[in-house]
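Encoded as structure tokens, the structure appears first; notes follow it.
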Amino acid sequence: MQKPHALARQTNDLEAFWLPFTPNRAFKRSPRLIARAKGMHYFTPDGRAVLDAFSGLWCCNAGHSRDPIVAAIQRQAAELDYSPAFQFAHEKSFALASRIAALAPGDLNRVFFCNSGSEANDTALKIALAYHHVRGEGARTRLIGRERGYHGVGFGGISVGGMVNNRKYFGTLLAGVDHLPATYSREHQAFTKGEPEWGAHLADELDRIVALHDASTIAAVIVEPMAGSTGVLPPPKGYLERLRAICDKHGILLIFDEVITGFGRLGHAFAAERYGVTPDLICFAKGVTSGAVPMGGVIAREGVYDEFMHGPEHAIELFHGYTYSAHPLACAAGLAALDLYRDEGLFARAKKLEPVMAEAAMTLKGLPGVLDVRTVGVAAGIDLASRPGAVGLRGYEIMQRAFYDEDLVIRIGGETIAIAPSLIVSEAQIGEIFEKVGRLIRAVG
Ligand SMILES: Cc1ncc(COP(=O)(O)O)c(C=O)c1O
């Protein structure tokens with residue numbers, strides 16, 4: 001039955017929508033509304049152009065509403081809206097999987113599709129557990145994440161993740177999870193461009209965890225090659241290589257969560273390539289469709305996939321999947337996005353922009369309350385001092401004023417500002433972003 005007065009309600013009533021990861025009451029008092037987007041800009045309902053310094057949420061790597069992606073989605077919607085990926089398939093799912101495999105390093109050649117970064121992470125953790133099970137090592141059930149890690153919001157992801165607010169409200173999480181220490185130390189790394197010199201030794205903590213639990217109980221280690229959500233923390237030089245070596249020594253799978261770093265953010269298709277370290281599984285999402293249609297996935301090494309390909313041929317090998325795995329609209333958007341990345345050389349462009357980003361970001365050093373600036377690829381994190389008794393307020397005010405006073409969208413996490421524009425950003429726009437951020441830091445105080 002229709003609710004009383006339902007028809008009388010304004011269509012733009014803000015109350016019904018419970019916004020994710022947002023202070024709802026503050027937002028609804030002073031909403032930041034976006035009506036459309038093109039290239040590097042959002043446009044507000046009253047037509048104001050706002051420079052997007054965060055590529056959506058780390059996702060629109062080719063810019064917003066790009067014509068070839070829009071056209072591909074429109075064509076696909078008319079041709080095939082949906083087909084199941086359980087027991088059936090459509091052609092573009094194979095085409096996209098092949099293209100992604102070709103971009104991934106080494107023998108990372110088997111692609112499992114899902115719809116988000118959270119699902120990608122839960123999928124990778126499940127593949128790791130099942131992999132050991134099918135090989136007769138079912139006692140390998142422990143998962144090792146890292147402090148300050150973000151792997152989405154599923155129970156697997158928050159269990160291996162290391163962000164306290166994402167964990168503390170949600171009960172007991174997965175059992176049998178341990179954490180490596182975070183790789184960040186302001187004392188040793190402040191104001192570093194790119195990968196810091198200090199910190200590779202922190203990978204050796206994995207040996208300590210293995211000694212505590214025994215390798216025979218450990219399934220996988222999962223890390224973001226560059227921790228994004230906790231403020232752009234590039235890996236210390238040599239750290240990932242050491243993790244790989246320790247995993248190899250103990251038969252532990254290494255998972256890279258490349259939901260942010262995949263598809264060009266660090267100047268390569270994947271961070272695994274930048275760092276010359278090949279994990280066993282890569283989680284991806286976001287940039288695969290340049291944010292235009294939800295999609296995520298896991299790329300597995302052939303050897304991982306092959307371990308499942310036993311038993312009767314009519315029997316399902318992995319009891320996992322989503323109604324919208326390899327959705328036709330997502331596959332069409334993904335193919336169009338990968339074409340754009342290739343045709344416009346956007347990964348190489350990101351590499352070229354890296355020093356420009358770094359120089360521009362470091363102009364903030366020395367401003368009042370700026371505790372650290374970190375940069376890598378087309379990404380920067382700026383830590384600000386909190387006001388006494390009001391943690392997060394300074395960052396919130398800067399984000400709010402950026403939108404209203406400076407026509408700029410930035411991301412804040414607590415008191416850290418994150419900047420990660422689309423890879424089509426111009427050098428002039430990079431300058432504009434940091435000039436505005438500098439002005440905001442001075443103004444908000
Ligand atoms: C590294 C990483 N993993 C996973 C996720 C979760 O992705 P989603 O929000 O698509 O579930 C994110 C989102 O920012 C992320 O940065």
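The values are calculated or read from the model by the stated rules, or taken from the named source; none is laboratory data. Predicted model only: the values in this text are computed from it and were never measured. Backbone-built Cβ (ideal geometry, glycine too); neighbour counts: all protein chains shown. In case anyone asks, the SASA skips ligands and DNA or RNA and just uses the protein heavy atoms, side chains included. Shrake-Rupley method; radii C 1.70, N 1.55, O 1.52, S 1.80 Å.
Structure values in brief
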item	result
Of all residues in the range 211-220 being in contact with a helix residue (DSSP H, G or I) (Cβ under 6 Å, 6 or more places away or on another chain) and in a strand (DSSP E or B), the one that is nearest to the ligand (Cβ to nearest atom)	Ala220
Residues of the range 144-171 classified as assigned to a helix (DSSP H, G or I) and buried (at least 21 other Cβ atoms within 10 Å of the Cβ), total	5
Considering residues of the range 105-120 that are outside any helix (DSSP H, G or I) and open to solvent by less than 20 Å² (accessible area, probe 1.4 Å) only, the residue farthest from Ala85 (Cα to Cα)	Leu108
Checking Gly231 against (1) surrounded by fewer than 24 Cβ atoms within 10 Å (Cβ to Cβ); (2) away from the ligand (no atom under 16 Å from the Cβ), the condition it does not meet	(2)
Residue that is away from the ligand (no atom under 16 Å from the Cβ), free of Cβ contacts under 8 Å to residues at least 60 places away in the same chain, surrounded by fewer than 17 Cβ atoms within 10 Å (Cβ to Cβ) and closer than 17 Å to Val288 by Cα, where the choices are Ala102, Ala175	Ala102
Residues (out of contact with any helix residue (DSSP H, G or I) (no Cβ under 6 Å at 6 or more places or on another chain) and more than 12 Å from the ligand (Cβ to nearest atom)) located in the range 145-169	Glu147, Phe155, Ser159, Val164, Asn165, Lys168, Tyr169
Long-range neighbours under 9 Å by Cβ, at least six apart or interchain, first residue without any contact (Cβ under 8 Å) to a residue 12 or more places away in the chain within the range 123-149, second among the hydroxyl-bearing types (Ser, Thr, Tyr)	His133/Thr141
Residue within the range 259-277 that is within 22 Å of His132 (Cβ to Cβ) and more than 15 Å from the ligand (Cβ to nearest atom) present	yes
Residue match in the range 263-277 (condition: under 15 Å from Tyr341 (Cβ atoms), among the acidic types (Asp, Glu) and more than 12 Å from the chain's Cα centre (by Cα))	yes
Pair list, Cβ under 6 Å, 6 or more apart: the range 150-169 residue touching a residue at least 60 places away in the same chain (Cβ under 8 Å) and of a type outside the set (D, E, K, R), other residue assigned to a helix (DSSP H, G or I) and open to solvent by less than 50 Å² (accessible area, probe 1.4 Å)	His151/Asn121; His151/Gly157; His151/Val160; Gly152/Gly117; Gly152/Ser118; Gly152/Asn121
Hits in the range 125-143 - residues which are in contact with a strand residue (DSSP E or B) (Cβ under 6 Å, 6 or more places away or on another chain), away from the ligand (no atom under 16 Å from the Cβ) and either open to solvent by less than 10 Å² (accessible area, probe 1.4 Å) or not in a loop (DSSP other than H, G, I, E, B) (or both)	Leu129, His132, Arg142
